[in-house]
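This report refers to the structure that appears directly beneath it.
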Amino acid sequence: MPVAIITGASKGLGRALAEALAARDWDLVLDARTAEVLQEAAAGLRSYGTRVKAVPGDVTDAGHRAELVAAAWQLGGIDLLVSNASALGAEPLVRLDELPLEGLRRALEVNVVAALGLVQEALPLLRASGTGAVITVSSDAAAEAYETWGGYGASKAALDHLAAVLGEEEAGLRIWAVDPGDMATDLYAAAVPDDYEPRPTPGDVVPAFLRLLDERPASGRYGAPALLEGRR
């Protein structure tokens, strides 16, 4: 069975993607900070008959990242690494003149530094897979200037650039930065709590990620809405 590591997998996009992969007989290593919620998600995924290792912790902790890779090795290796865990920098979001610098540091540590650290830890197993792939979850705020999204957007823009360079350096892997577009998630609700406009669910967006796995296009940055349109 192929093996995936998914960070931020207890809810939202991470959990929806984990469910889709479990339905395809993938074995999973799941990360989240809240152990109880993560264990609940893992229990539901085991109903598909897949092997699931739930490893609670903070992705900014190097020891925790090593645990995730070790758990994947015990399942047979790593075929897919999904860096989905994210931090906003401020909840709700604020303008740059009010953004706490500690919040910006946290966003950069979670969204950029930890994501690269996990890739570095996982690279030997990804290279050995033969079909290794990395997905970094981006945002349209990485490419567009939206008021109050400056800190989060800057961190995602940095992550996009790391993914682009990694795609050049690791010719044997697929490195995809994916902008999922608007979604109804706890993260978005924390960012903009007064926005009640209906938005797609994470489950609506997951087919875009599955298309990448099915078709394995060149490394690069992809938008989920365009991938979904292309599937029709």
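Every read-out reported here was derived from the displayed coordinates using simple, explicitly stated rules and does not represent laboratory data. This structure is a prediction, so every number in the text was calculated from the model and none was measured. Methodologically, a virtual Cβ is constructed for each residue, glycine included, from the backbone with ideal geometry; neighbour enumeration extends over all protein chains shown.
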State which helices in the chain qualify, where a helix is a whole DSSP H run, it must extend 15 Å or more along its own axis by its Cα atoms, and its mean Kyte-Doolittle hydropathy must be at least -1.0.
-> 12-23, 35-46, 62-75, 114-129, 150-169, 202-215
Please report Y48, Y146, Y222 as a ranked list, fewest other C-beta atoms within 10 angstrom at the top and most at the bottom.
-> Y146, Y48, Y222
Hey, if you drop one equal point scatterer on each alpha-carbon of the chain and run the Debye formula without solvent, what base-10 log of I(q)/I(0) do you get at q = 0.09, 0.13 Å⁻¹?
-> -0.33, -0.72
Compute the distance in nm between two label points, each set 7 Å from the Cα along the Cα-to-Cβ direction, one at E102 and one at Q74.
-> 3.5
Where nothing but the Cβ of Lys and Arg (+1) and of Asp and Glu (-1) is charged, how large is the charge dipole of segment 3-223 around its Cα centre, in debye to the nearest 20?
-> 720
Segment 90-155 and segment 191-232: distance between their alpha carbon centers, rounded to Å | 18
